[in-house]
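Beneath this line is the structure, given in structure tokens, with notes to follow.
We did not get these values from a lab; they are worked out from the coordinates using the rules stated. Just so it is clear, the model here is predicted, and its values are computed rather than measured. With ideal geometry, Cβ positions are generated from the backbone for all residues, glycine too; neighbour counts draw on all protein chains shown.
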Amino acid sequence: MIICKTPFRISLFGGGTDFPKYYLNNGGCVIGGAIDKYSYVTARYLPTVFNYKHKIVWSKNETVNSINEIYNPPVRAIFKKLQIQKGLEIHYQGDLQKNSGLGTSSSFCVGLINSINCLYKKKISKKELALEATYIEQKMLKENCGSQDQIFASYGGFNFINFKKNGDFKVNRLKISNNNLSKLNNNFFLIYTGIRRFSNNVEKDKVLNLNKNLKILDQIKEMTLFFKKILNNSSIDEVGEMLDEYWHLKKSLSKKVTNNRINEIYDIVLKSGASGGKIIGSGGGGFILVYCKKKFQANLIKNLNKLPIVKFKFVNEGSKIISKN
């Protein structure tokens, strides 16, 4: 049995410029990092004594005799792409809710590809892993998704990812002082809105409006490059104000990015002393990322009225096989 541990991610700046429709013409870039919240995928060969060929356990429990019968779209697509012949049993578990803006779908996709390759004793590089997951999500599943989630899941780390016009990408591990990394880890919060949404619906709207939003996406790219420059300044705390500015830009990409409930929570956050934040991922629900200095944190937590709050830390490792039995 193979067990694979794959991180979720926090995207700070640059979201939207990682869509092929944008970066293939303009080039794109994002800054963010893998975090200490994970998806776990186990994979093993299924003994032939069962009266079905494949077993897939996620929020459903599937037992099927052919790949085409598999209901879970990523599993079905990955089985087809990897030309699975032998019977497999797959289990998925996650530290946080799916459809919440943390790249959980890509984390699962990367973890499953990694697990099966390990089961088959095939070596796969981080880049190959990211490209394979991106191909499956964008080409086979026709998802309206960008190209950063698969990379963060595969590589891990706190990174600047440069998306080139020729379709290639380069991952640069960002140099950040221990003091500034500690500030980010200690002052960031994830607040769960309680709203589950399907990112494809929001991102589809953004893609349809992309040509109208080119100037906004250019501004987002410029902001990303600026944050890269100031990352090791003593004024790293201005990340909160920058995220607030970024949030206003992001909301203008699609009316589906926010709603009354999200706006209400964000207003409480600012009035409680946080300097800024934004919705994570496509928008419409899921988690709000907030930057709040220590002296205001108790007040913030009190005023959020028991909304679920998640603390996290950025981590260096990407998708990793943690057990082979």
- Query: Among GLY94, VAL57, PRO7, which residue has its Cα positioned farthest towards the positive end of the charge dipole of region 1-111, with +1 placed on the Cβ of Lys and Arg, -1 on the Cβ of Asp and Glu, and the dipole taken about the Cα centre?
  - Reply: VAL57
- Query: Of all trypsin sites (Lys or Arg not before Pro) in region 73-167, which ones are in loop regions per DSSP and have a Cβ with at most 13 other Cβ atoms within 10 Å?
  - Reply: LYS86, LYS121, LYS122, LYS123, LYS142, LYS164, LYS165
- Message: Suppose every Lys and Arg Cβ carries +1 and every Asp and Glu Cβ carries -1, with no other charges. What dipole size does region 153-217 come out with about its Cα centre, to the nearest 20 debye?
- Response: 160
- Query: Just how large is the dipole of region 227-310 about the Cα centre, in debye to the nearest 20, putting +1 at every Lys and Arg Cβ and -1 at every Asp and Glu Cβ?
  - Reply: 200
- Label-to-label distance, nm, for residues given as LYS60 and GLN85 (7 Å Cα→Cβ offset): 2.8
- Calculate for the chain the 222 nm mean residue ellipticity that helices alone would give, adding -39,500 (n - 2.57) per DSSP H run of length 4 or more and normalising by residue count, nearest 500 deg cm²/dmol. -11500 deg cm²/dmol
- Query: Quick one: net charge of HIS91's neighbours, Cβ under 15 Å, K/R +1, D/E -1?
  - Reply: +2
- Cα-Cα over 23 Å: which of LYS123/LYS165; LYS204/LYS228; LYS86/LYS122; LYS221/LYS250; LYS139/LYS320; LYS123/LYS164? LYS123/LYS165; LYS204/LYS228; LYS139/LYS320; LYS123/LYS164
- Query: Each residue of region 312-320 in order: what ³J(HN,Hα) in whole Hz does its phi give by Karplus 6.51 cos²θ - 1.76 cosθ + 1.60, θ = phi - 60°, with x for Gly and Pro?
  - Reply: 8, 10, 6, 10, 8, 7, x, 3, 9
- The summed charge of the ASN187 Cβ neighbourhood (under 11 Å; Lys/Arg +1, Asp/Glu -1) stands at +4
- Environment charge of LYS311, counting only residues whose C-beta is closer than 15 Å and scoring Lys/Arg +1, Asp/Glu -1: +3
- Message: Starting from the Kirkwood Rh over alpha-carbon pairs, what translational D in µm² s⁻¹ does region 100-153 have by Stokes-Einstein at 20 °C and 1.002 mPa s?
- Response: 192
- Overall Cα dimensions of the chain, principal axis frame, Å, largest first: 61, 44, 38
- Counting only complete DSSP H runs, which helices of the chain cover 20 Å or more along their long axis at the Cα atoms and score a mean Kyte-Doolittle of 0.5 or above? 104-119
- Task: Identify which of LYS55, LYS306, LYS183 has the largest mean-square fluctuation in a Gaussian network model of the chain, with springs joining Cα atoms closer than 10 Å.
- Result: LYS306
- Volume in Å³ per residue [convex hull over Cα atoms, computed for region 184-255]: 109
- Message: Quick check of the Kirkwood formula: for region 1-61, what is the inverse mean of 1/r over all pairs of different Cα atoms, in Å?
- Response: 15.3
- Please state the relative contact order of region 105-193 as a whole percent: Cα pairs under 8 Å, 6+ residues apart? 22
- Message: Could you identify which residue out of ILE116, ILE67, ILE35 has the top mean-square fluctuation in a GNM of the chain using Cα springs shorter than 10 Å?
- Response: ILE67
- Could you work out how far the C-alpha centroid of region 248-294 sits from that of region 136-212, in angstrom? 17
- If the convex hull is drawn through the Cα atoms of region 19-93, its volume per residue in Å³: 131
- Step through the residues of region 53-63 one at a time and calculate ³J(HN,Hα) from phi using the Karplus curve (6.51 cos²θ - 1.76 cosθ + 1.60, θ = phi - 60°), rounding each to whole Hz and writing x for Gly and Pro. 8, 10, 10, 10, 10, 9, 6, 10, 10, 9, 10
- Item | region 177-315: Cα Rg divided by the 2.2 N^0.38 Å rule of thumb | 1.06
- Task: Could you tell me which of ASN325, ILE280, ASN305 has its Cα farthest along the dipole of region 275-325 towards the positive end, charges placed at Cβ (Lys, Arg +1; Asp, Glu -1), taken about the Cα centre?
- Result: ASN305
- Note on the structure: The whole-number value in µm²/s of the Stokes-Einstein translational diffusion coefficient for region 276-321, with Rh from the Kirkwood sum over alpha carbon pairs at 20 °C and 1.002 mPa s, is 166
